[in-house]
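Enquirer: Supplied in structure tokens, the structure appears directly below.
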Ligand SMILES: [Zn+2]
């Protein structure tokens, strides 16, 4: 328990017949004083994503179809979300496993928020400051305590995101899995950054309040895809076929344009 006792899951990505759903909660966290939307969109000079993975739950790496790194999908979406800052935000994303951090399997099969934050506390290599923001992504074996259909979640009020690799592996063929993994990263980092209405004020009325911090725009990565397998596969397939990896909707971009300094 300790200093992480107040953490709860705010946003998550759940697989229900291969669809996204969410869960909600709240946090009174004070252990991440520099991890909030105001820092990200008004002060920070760099955003770094650190990846930690349990042996057996390695992220997909390598290239996507156009020869760019697969992880440039996340990078391009982060560049897009920070395009309205008055200064360039330096985005640092690992692209290969040797730039990520392997950790020994913990043997945990059912992950609570507390367990994820304890894993973070035991493994983190660096801390954020007011001008250097770090997000921590954990790829783990096993499943979320909330259910074996959860793909991943972000812990509200923290820069900690978890991805359940066993669930990713259940998502169709390898190309679909690769893009679903990246879109899940974009989605969860979206929540961690403050979307939708999770720290960044709404510039327009597009929040799907019934489903928490999600968008009513079904073409946005922040949409709660709740209509079954075809929705997620179609969402991912659109990016595979078009070559575009812009996953934010115009509504999210409008929010950050209004909020950014
Ligand atoms: Zn969500």
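Enquirer: Are there any pairs, at least 6 apart or on different chains, whose C-beta atoms fall under 6 Å, with the first in the range 179-198 and under 15 Å from residue 211 (Cβ atoms) and at pLDDT 95 or above and the second assigned to a helix (DSSP H, G or I) and more than 10 Å from the ligand (Cβ to nearest atom), and if so, which?
Expert: Listed pairs, sorted by first residue: 195/252.
Enquirer: While we're on this one: Can you go through 146, 154 and tell me which one is surrounded by 23 or more Cβ atoms within 10 Å (Cβ to Cβ) and at pLDDT below 95?
Expert: Numbers: 146 fails: surrounded by 23 or more Cβ atoms within 10 Å (Cβ to Cβ).
From the options 146, 154, the qualifying one is 154.
Enquirer: With respect to the numbered conditions (1) within 10 Å of the ligand (Cβ to nearest atom); (2) at pLDDT 95 or above; (3) in a loop (DSSP other than H, G, I, E, B), which one is the sole condition not fulfilled by residue 213?
Expert: It is condition (2) that residue 213 fails.
Enquirer: Of all residues in the range 151-185, which are within 13 Å of the ligand (Cβ to nearest atom) and part of a helix (DSSP H, G or I)?
Expert: 183, 184, 185
The values are calculated or read from the model by the stated rules, or taken from the named source; none is laboratory data. Owing to the predicted nature of the structure, the values given are computational and were not obtained by experimental measurement. All Cβ positions, glycine included, derive from the backbone under ideal geometry; neighbour counts span all protein chains shown.
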